[in-house]
1. Based on this model, can you work out whether Val69 counts as within 30 Å of Ala154 (Cβ to Cβ) and buried (at least 19 other Cβ atoms within 10 Å of the Cβ)?
2. For residues that are of a type in the set (Ser, Thr, Tyr) and in a loop (DSSP other than H, G, I, E, B), scanning just segment 209-237, find the one that is modelled with the lowest pLDDT.
3. Suppose we filter segment 3-43 for residues that are modelled with pLDDT of 95 or more, over 21 Å from Gly66 (Cβ atoms) and of a type in the set (D, E, K, R); how many remain?
4. Mind checking which residues of segment 25-83 are of a type in the set (D, E, K, R), more than 19 Å from the chain's Cα centre (by Cα) and within 15 Å of Met1 (Cα to Cα)?
5. Within segment 167-181, is even one residue touching a Lys or Arg at 6+ places or on another chain (Cβ under 6 Å) and either in contact (Cβ under 8 Å) with a residue 60 or more places away in the chain or crowded, with 20+ Cβ neighbours inside 10 Å (or both)?
6. Can Val151 be described as of a type in the set (Val, Ile, Thr) and in contact with a Gly (Cβ under 9 Å, 6 or more places away or on another chain)?
7. For segment 172-181, state whether one or more residues are small (Gly, Ala, Ser) and either modelled with pLDDT under 90 or more than 27 Å from Cys82 (Cβ to Cβ) (or both).
8. Could you check segment 209-226 and list, in sequence order, the residues that are touching a Lys or Arg at 6+ places or on another chain (Cβ under 7 Å) and within 12 Å of Phe33 (Cβ to Cβ)?
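The values are calculated or read from the model by the stated rules, or taken from the named source; none is laboratory data. Not measured: the values here are computed from a predicted model. No Cβ is skipped: glycine too gets one built from the backbone with ideal geometry, and neighbour counts run over all protein chains shown.
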Amino acid sequence: MIEISDITKTYVDGPLRFQALRGVSFSIDDGEFVAIMGPSGSGKSTLMHILGCLDTPTSGAYALDGRDVSELDDDELARIRCEKIGFVFQAFNLLPRATVMRNVALPLVYADVPAEEREARARKALKAAGLDEAHYAHLSNQLSGGQIQRVAIARALVNDPSLILADEPTGNLDTKTGEVVLGTFQKLNQEQGRTIVLITHESDVAEHARRIIHVRDGRVIEDSKSHTRRIIHHENN
C-alpha cells in the first residue's frame, strides 16, 4: 500500500535550513498495523504529514496504492486525502455542539453524499468503532474522552479509506481509556483488515502494533515486528 524511497524533507527559513528527514525508506503492506515511534524532534510528525498527503517531500518518492503522489498538485492531494486516508488526531477535532452522527457524517456532506446514505454510512462507521448506539444523538461535548476518540475513529472510517493515520491518538486520554481506544484499532485491523499507521513517542503504545518503525534524527534506525502480548478487552468507555 505504501512505498517510500529515500524521502528527505528540508525546511528553509531565510538563511536557516533544517533537515527533518534524511533519506527515509520503507514499505507498508495492505492490512498491516504499524507504529512509527520516536522522540520529539525525531521526524515522525513530518513523516506523518507526508504519508497523509498534508505535505510533500523535498526529494524522494512516495507511492500510495501504487500511485506516485510525490509530485501531485494541491487539488489532487486533497482528493487523495478525502478518498483514501482517514485521520485520527490527539485533539479529536470534533464540533463540540454537533451530535455524534453529525460529526461522523460531516466528511460525507463535503462529498455531496445524499442524506439517507450519509446516515447509513455514519451508523456503520460508529458500529465499527465500537460506540454504543445510545450515544449517537448526544453532543460530542457530552461524551467521555474515550467515547469522543471513538467518534473520531468512526469519522476516519466513514469514507472507507485505504489507510488510517492515527497521530498520538491516546495523548489526551488516561491509561485505561487509552487501552480501550488502542484495542479498537487492533480490532479494526484484525477483524476488518484495516491498514493502520500509528504515530507515537510512547513504547507501550507502539507495542499494540504488529510492527514498529523507530525513527531518530530524521532516519529509520530500526524496523521490527512486534508480537503483541497485550490482550485488550473491547468495552465501552
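1. Working: within 30 Å of Ala154 (Cβ to Cβ): yes; buried (at least 19 other Cβ atoms within 10 Å of the Cβ): yes.
Yes.
2. Applying the first criterion (of a type in the set (Ser, Thr, Tyr)) to segment 209-237 yields 224, 226, 228.
Next, only the ones that are in a loop (DSSP other than H, G, I, E, B) stay: 226, 228.
Details: Ser226: 55, Thr228: 45.
Only one residue tops the list, namely Thr228.
3. 2
4. The answer is Arg67, Asp68.
5. Applying the first criterion (touching a Lys or Arg at 6+ places or on another chain (Cβ under 6 Å)) to segment 167-181 yields none.
No; the residues of segment 167-181 include none that is touching a Lys or Arg at 6+ places or on another chain (Cβ under 6 Å) and either in contact (Cβ under 8 Å) with a residue 60 or more places away in the chain or crowded, with 20+ Cβ neighbours inside 10 Å (or both).
6. no
7. Taking segment 172-181 and keeping what is small (Gly, Ala, Ser), we get 178.
Going one step further and asking which of them are either modelled with pLDDT under 90 or more than 27 Å from Cys82 (Cβ to Cβ) (or both), we end up with 178.
The answer is yes; a qualifying residue exists.
8. Selection gives Arg210, Arg211, Lys225, Ser226.
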